[in-house]
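Take a look at the structure below.
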Amino acid sequence: MNKIMSVKTERDQLIKEIEEVDDIRLLHAIRTVLHYSLQREGRITLEQYNREIEEAERRIENGEFVVHEDAIKQMKGWRKSED
């Protein structure tokens, strides 16, 4: 029961935090991590892989990406907000 409550508590907290996010790039990153996590249980098809590559290329062409230096700055900001 503890594990179940812990998962529910974590999920609820994460949902609340995501509702506060106004950065579309961060939301895309969260979605990517979630999709990867859900898919790692089984292999994806070549078609799905190609769709994901095309979507990533489209987002890059539209400027929807974070350069490494900015990602590091964002992560440091997350640590500060946890304190």
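Since every read-out is calculated from the coordinates, none of them should be taken as a lab result. Everything numeric in this text was worked out from a predicted model, so none of it was measured. Positions of Cβ are backbone-derived with ideal geometry, glycine not excepted, and every protein chain shown enters the neighbour counts.
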Could you tell me the extents of region 2-82's C-alpha atoms along the three principal axes, largest first, rounded to whole Å? 39, 32, 19
Förster radius 35 Å - calculated FRET efficiency between ASN50 and GLU19 (Cβ-Cβ, nearest 0.05): 0.60
